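Values quoted throughout were computed directly from the atomic coordinates according to the rules given, and no laboratory measurement underlies them. No experiment lies behind these values; they were computed from the predicted model shown. Here the Cβ positions follow ideal geometry from the backbone for every residue, glycine too, while neighbour counts run over all protein chains shown.
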Amino acid sequence: MTTKAGYEQVLDGSDTNVAQFERRHHTVLERVQHILHNNPTFVPVIVLMLSLVAFWIIAGGRFFSAFNLSLIMQQVSIIGMLAAAQSLIIITAGIDLSVAAIMILMSVIMGNLAVNFGVPPTIAIIVGVIGGMLAGAMNGLLITKIKLPPFITTLGTWSIFFALNLWLSGAQSIRSQDIDEHAPLLKFFGNAINVGGARITFGVILMIVIFVVLWYMLNKTAWGRHVYAIGDDMEAAEMSGIRTERTLVSVYMLAGLVCAVAGWASIGRVGSISPQSFYEGNLQSITAVVIGGISLFGGRGSIMGALFGALIVGVFQSGLRMAGVDVLWQVFAIGWLIIIAVAIDQWIRRVSA
Amino acid sequence: MKKLLTSSVIALTALAGAASADINACLITKTDTNPFFVKMKEGATAAAEANGISLSTFAGKIDGDVESQVAAVETCIASGAKGILITPTDSRALTPVITQARDAGALVIALDTPFEPASVADATFATDNFKAGVLIGEWAAAKLGDEAANAKIAMLDLNASEISVDYLRNNGFLQGFGIDIKDPTDIGDEDDPRIVGNDVTNGNEEGGRTAMENLMQIDPEINVVYTINEPAAAGAYEALKSVGRENDVLIVSVDGGCPGVQNISEGVIGATSMQFPLLMASLGIDAIKTWAETGTKPQNTEGLDFYNTGVELITDEPVDGIPSLTSAEGLEKCWG
């Protein structure tokens with residue numbers, strides 16, 4: 001041991017341990033916060049379970065019957081599909097106000113071609129689905145090439161698509177009977193299989209398939225990782241070599257495609273093609289996404305959350321109705337759900353190591 | 001100074017009067033998407049052309065869009081309209097701006113939906129919506145005969161705002177059916193056990209289907225369905241069809257749109273009360289012309305606080321004592 005210089009002798013009295021992280025004691029709440037940070041879908045799943053049990057107690061056994069639970073699935077199926085499309089956009093830190101307008105417009109195009117112009121239904125559906133992708137591409141290109149904010153872009157295209165829908169439909173519904181006669185294929189997703197009291201429509205199955213496929217794409221492919229990276233930090237994504245513009249346009253096109261398919265499914269769900277249905281579909285889809293724990297700031301949240309979010313809204317509406325609660329209190333309850341969901345999201349974001 | 005100002009105002013007024021030989025009028029509808037209002041606009045436009053009136057038309061974006069209607073009335077005031085025809089999207093909220101319009105010298109006529117109170121406007125040309133409800137209520141009760149005492153009724157209404165058209169049709173139906181309606185301006189305050197429940201449809205197919213599904217969850221044996229309009233009825237029918245009950249339920253509705261009348265002939269809807277939007281609009285334009293030329297205001301139908309433009313029951317299964325038209329006759333008179 002070498003002799004220390006005089007000025008170093010003060011070190012003798014100091015701690016000689018190697019520097020280390022302090023093993024701080026975590027409170028239960030902090031642990032919960034941490035778990036939720038890593039698994040953002042836990043909250044909606046827990047809320048869904050709790051609300052099912054709560055309404056089972058409040059509204060009775062009829063609420064919890066297989067038929068009613070399958071009915072809730074049917075009632076949320078279309079908004080669920082829109083929420084899937086919306087999730088894709090919101091994960092990129094964008095927002096799409098035009099999802100429902102694209103959906104209705106494409107269902108009107110399909111119906112008009114097949115019922116009024118005698119185009120084979122298969123062709124009509126293909127035209128509608130391609131139309132959905134083009135509508136999405138329009139959103140995506142305006143956002144990436146002209147650099148318009150997504151909110152403004154889709155606020156504009158919402159009105160444009162809605163006006164086109166009214167023009168093409170003449171504001172008239174296409175009647176169920178006319179669809180049955182000319183193009184029953186349009187109602188394909190209204191068919192159902194009955195399993196022990198439950199009535200599972202093809203539309204419900206389609207919704208689940210859409211969620212599973214999109215979940216796979218987002219979590220198991222390079223494209224999906226790019227989408228999350230863009231939502232988290234656009235510049236960092238760009239610098240790490242992701243072709244952000246091209247990816248963004250592809251996201252909007254895929255969302256448009258999902259909306260068009262939802263348009264097809266909506267014909268089976270509603271029975272007729274009504275230009276006035278689902279006017280608030282865009283807001284309902286955002287509601288489902290937010291309640292599902294997907295962060296509006298982008299880059300965080302699982303698309304499965306949106307499915308649970310849509311189901312939570314459906315369970316609340318069905319449960320409150322069966323308990324004989326007036327419609328306005330349903331609206332009231334959904335409002336609080338949104339605020340609580342975002343508050344929880346903010347709390348989780350503040351997680352410390 | 002004050003005198004000078006007054007006289008120049010008079011001069012200006014005189015000038016304006018001389019310059020506008022043409023009569024300006026406005027038509028403001030709830031939306032321009034509902035075929036009912038599309039037809040109304042057609043009727044008004046045709047009548048305006050025939051009378052040499054220049055007509056501007058406005059509409060809300062959706063049912064309940066008060067903002068757009070207020071802005072439209074303000075535009076009409078600013079453009080010096082002699083008369084305003086309006087289907088108020090909210091029977092109470094528009095009162096202040098309508099009063100402004102009347103103060104500015106415009107004749108304001110409510111079409112289809114009355115204001116509350118009706119005296120907010122100079123006149124109301126409307127369907128007797130209560131009567132429209134009574135007709136389908138009486139028809140449903142007569143159709144069921146003795147079974148009416150055990151009926152299970154679903155009420156599919158418009159929306160949470162409970163506007164006048166909504167409660168008038170709803171309560172008219174119940175009274176026609178023979179149910180004590182309690183407060184005639186309130187929906188859902190009845191305690192008759194035959195009513196299974198009320199739900200809202202937003203007046204479209206999607207809402208009609210969902211509402212019917214919901215009420216069937218409360219009581220799957222519903223056998224009478226009242227609907228606010230025919231698109232809601234079509235939606236309710238789809239819900240019944242999905243559980244195979246479409247043939248044991250009576251669906252009644254109000255409107256008289258052509259798709260609705262066609263649904264009568266195909267047995268989807270049992271009976272509907274037809275109203276006449278074209279007539280409302282053309283009468284409205286005539287009234288504005290008379291007002292501009294002679295300063296006389298239109299009179300109400302006796303015993304009512306509005307001018308009744310008529311209502312007809314359309315059904316292919318007529319019952320004794322209630323005059324009705326067949327769907328074939330209805331198709332000649334329907335709108336949209």
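Here are a few things to note about the model shown:
- Range in chain A, longest, excluding exposed chymotrypsin sites (Phe, Trp or Tyr not before Pro) [loop by DSSP; at most 15 other beta-carbon atoms within 10 Å]: A:118-296
- Sparsely packed loop sites in region A:222-263 (the trypsin sites (Lys or Arg not before Pro) outside DSSP H, G, I, E and B with at most 14 other Cβ atoms within 10 Å) comprise A:Arg243.
- With viscosity 1.567 mPa s and temperature 4 °C, the Kirkwood radius over alpha carbon pairs of the protein assembly as shown converts through Stokes-Einstein to a diffusion coefficient of 47 µm²/s.
- Whole-Å distance, taken between Cα centres, linking region B:97-167 and region A:326-353: 38 Å
- Fraction of the pair-distance distribution of region B:184-310 above 26 Å, Cα-Cα pairs, percent: 38 percent
- Value of [θ]222 nm, deg cm²/dmol, for chain B, DSSP H segments ≥ 4, -39500 (n - 2.57) each, nearest 500: -14000 deg cm²/dmol
- Relative contact order of chain A, pairs being alpha-carbon contacts under 8 Å that are 6 or more residues apart, as %: 32 percent
- Global form of region A:45-126, assessed from the alpha-carbon gyration tensor, a/c cut-off 1.5: oblate
- Taking only Cα atoms of region A:178-279, radius of gyration then Dmax in Å: 18.3, 56
- Every Cα-Cα pair in region A:119-222 was counted, and those over 24 Å apart are 49% of them.
- Distance histogram in 5 Å bins (all Cα pairs of region B:153-206, percent per bin): 4, 21, 34, 25, 11, 3, 0
- Just so you know, the Rg over Rh for region A:85-146 is 1.08, from Cα atoms, with Rh as the Kirkwood radius.
- Taking the centroid of alpha carbons for each part, region A:118-143 and region A:151-184 are 13 Å apart.
- Fewest-first ordering of A:Ile146, A:Ile152, A:Ile210, B:Ile153 by other beta carbons within 10 Å of each residue's beta carbon gives A:Ile146, A:Ile152, A:Ile210, B:Ile153.
- For chain B, taking Cα atoms only, Rg and Dmax work out to 21.8, 82 Å respectively.
- Entry note, chain B: relative contact order of 18 percent, from Cα contacts under 8 Å with a spacing of 6+ residues.
- Once the Cα gyration tensor of chain A is diagonalised, semi-axes √(5λ) in Å: 46, 27, 16
- Annotation: amide H of B:Leu325 within the under-5 Å range of B:Leu313, B:Ile314, B:Thr315, sequence separation 5 or more or interchain, hydrogens built in the peptide plane.
- Taking a straight Cα-Cα cut-off under 14 Å and skipping sequence neighbours fewer than 8 places away in the same chain, the aspartates and glutamates within cross-link reach of B:Lys41 are B:Asp32, B:Glu49, B:Asp112.
- In sequence order, calculated HN-Hα J values of region A:253-260 (Karplus, 6.51, -1.76, 1.60; Hz; x Gly/Pro): 5, 5, 4, x, 4, 4, 4, 5
- Extent along the principal axes, Cα only, for region B:115-255: 50, 33, 22 Å, with the longest axis given first.
- Here is the result for region B:40-142: no trypsin sites (Lys or Arg not before Pro) lie in DSSP coil with at most 11 other C-beta atoms within 10 angstrom of their C-beta.
- Taking the fewest neighbouring Cβ atoms within 10 Å as the starting point, the ordered list for B:Thr294, A:Thr244 is B:Thr294, A:Thr244.
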